[in-house]
Amino acid sequence: MTSRALVFIEDPGAANFLLPVLPALEARGIAVVLRAAGAAVDYIAQRLGPVPARPEADAETLLRTLKPDVVLVGTSENEDTLGLALVARARALGIPSVGAVDVLANADHRFRGRGAAPLAFAPDVILTADDATRAAFVALGHAPECVVACGHPHYDAVLERARVLDAEGRPGVRRRCLPAAGDRMVLAFVAEVSTGLNPAQYRKSSDYTLHGRGGRCLRTEIVLEELIDGVAALPVRPFMVLRLHPKNTRAEFADFLPAFDAVSDAGAPLDLVYAADVVAGMSSMLLFEAALLGRPTLAVLPREVERTWLPAGAEGVVAVATTREALRRQLAALLAGAEPGRRPDVARRAPAAQRAAEVIAALRPPVN
């Protein structure tokens, strides 16, 4: 009898973490049944082809129909995500559960649902991308032996893509991805949504040190205004590209589109940021991926505390600006080539996908 893992993904960040783990599970004799919801449906389809969206009515039906030996979920910005219900029902049925957490931010909201207890829906085992995130869940009260820092499986794929793109060379990638840029310097901005777990953190507050033009309250919009005005102050304007997050729409950025020469909402995001001369953003994974690809990167953060939202390994590699003055200084330096990009040293005990699969495989019942 082959063991079976039910994998549920609702968020693109969780997809980045979990998708590389699936082949490693299947190599260990664990059949994977993948279900998706929300923004992850289209995001996964672009990588693997169509994936069944959730047709079942509830967690009980899904578990009793598929009879998995282990349940694997990513976290989501949806407080009512089926992932939390699956963990709770799996616990009641005696099915081991595993949750994957890709970044440190909002650790105390990942498994709380709509309640106040941060671990109310915590799975049996939590996989984290780094030691700092592991420490956060241990501090919240999860058993230390059940929180495993396995590394980020997606980094393996990014580093492999870096080798392919390096072989092609940046001039060729640039001609392929950004033919309209000509000989101009290219500044790509990777956008984010202005909401999430603990949504108040994504709105202007008294501790903001960036203010935009004064009329907006959403985090991304404030940062965009600062960036656009900072670019306008440069002696030579670069070719501007707006790369949308999978949860973004063009309509929500309608007021900002005239400031950009190109908008990207499809195709390979890694190829696009590799082709850029400088990549700016806030705290999204794509910004750190650009650093892994060797591009000069700039995190524009409206609050000093948001430095902790950057992925582990970003410190000292990704430039950070939390004030208007710092933003303009960093932009000028990066576009002048005074701050060449250097790739983060991503230390891995083993390929992260393999390490994650080992932990999950150890939880399944023995094969009969």
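The values are calculated or read from the model by the stated rules, or taken from the named source; none is laboratory data. If you're wondering where the values come from, they're calculated on a predicted model, not measured in any experiment. Counting neighbours? That spans all protein chains shown, and the Cβs are built from the backbone with ideal geometry, glycine included.
Worth a mention:
- Beta carbons closer than 6 Å, at least 6 apart along the sequence or on distinct chains, never pair a first residue in the stretch 210-225 that is on the phi > 0 side of the Ramachandran plot and touching a residue at least 60 places away in the same chain (Cβ under 8 Å) with a second that is buried (at least 22 other Cβ atoms within 10 Å of the Cβ) and in a helix (DSSP H, G or I).
- Residue match in the stretch 94-101 (condition: in contact (Cβ under 8 Å) with a residue 40 or more places away in the chain, in the same structural domain as ALA15 (by TED's automatic domain parsing), buried (at least 20 other Cβ atoms within 10 Å of the Cβ) and not β-branched (Val, Ile, Thr)): yes
- The residue list VAL125, VAL138 contains one member that is more than 27 Å from ALA275 (Cα to Cα) and crowded, with 22+ Cβ neighbours inside 10 Å, which is VAL125.
- Checklist (1) surrounded by 18 or more Cβ atoms within 10 Å (Cβ to Cβ); (2) closer than 23 Å to GLU358 by Cα; (3) small (Gly, Ala, Ser); (4) touching a strand residue (DSSP E or B) at 6+ places or on another chain (Cβ under 8 Å) applied to ALA24, failing item: (4)
- Members of the stretch 141-159 found to be buried (at least 18 other Cβ atoms within 10 Å of the Cβ), free of Cβ contacts under 8 Å to residues at least 40 places away in the same chain and not aliphatic (A, V, I, L, M), listed by number: HIS142
- Residue in the stretch 114-127 that is in a loop (DSSP other than H, G, I, E, B), closer than 25 Å to ALA361 by Cα and of a type in the set (D, E, K, R) present: yes
- Matching option when the condition is of a type outside the set (Asp, Glu), surrounded by fewer than 18 Cβ atoms within 10 Å (Cβ to Cβ) and either touching a strand residue (DSSP E or B) at 6+ places or on another chain (Cβ under 9 Å) or without any contact (Cβ under 8 Å) to a residue 60 or more places away in the chain (or both), among VAL231, VAL273, VAL241, VAL263: VAL263
- Boolean, VAL300 is crowded, with 24+ Cβ neighbours inside 10 Å, in contact with a Leu (Cβ under 9 Å, 6 or more places away or on another chain) and not charged (D, E, K, R): yes
- Considering ALA5, ALA14, ALA37, ALA24, the condition of being under 19 Å from PRO123 (Cβ atoms), of a type in the set (A, V, I, L, M, F, W, C) and within 13 Å of the chain's Cα centre (by Cα) is satisfied by ALA14 alone.
- Number of positions in the stretch 248-259 that are free of Cβ contacts under 8 Å to residues at least 24 places away in the same chain and either of a type in the set (A, V, I, L, M, F, W, C) or within 25 Å of ALA162 (Cβ to Cβ) (or both): 3
- Being touching a Pro at 6+ places or on another chain (Cβ under 7 Å) and under 26 Å from ALA117 (Cα atoms) holds for only one residue in LEU187, LEU210, LEU140, and it is LEU140.
- Filtered residues of the stretch 321-331 (kept if within 28 Å of ALA200 (Cβ to Cβ) and crowded, with 20+ Cβ neighbours inside 10 Å): ALA321, LEU327, GLN330
- Exclusive hit being within 27 Å of PHE260 (Cα to Cα) and out of contact with any Asp or Glu (no Cβ under 6 Å at 6 or more places or on another chain), set ALA143, ALA162: ALA162
- If you check ASP183, ASP131 for being in contact (Cβ under 8 Å) with a residue 24 or more places away in the chain, surrounded by fewer than 16 Cβ atoms within 10 Å (Cβ to Cβ), over 16 Å from ALA290 (Cα atoms) and of a type in the set (D, E, K, R), only one passes: ASP131.
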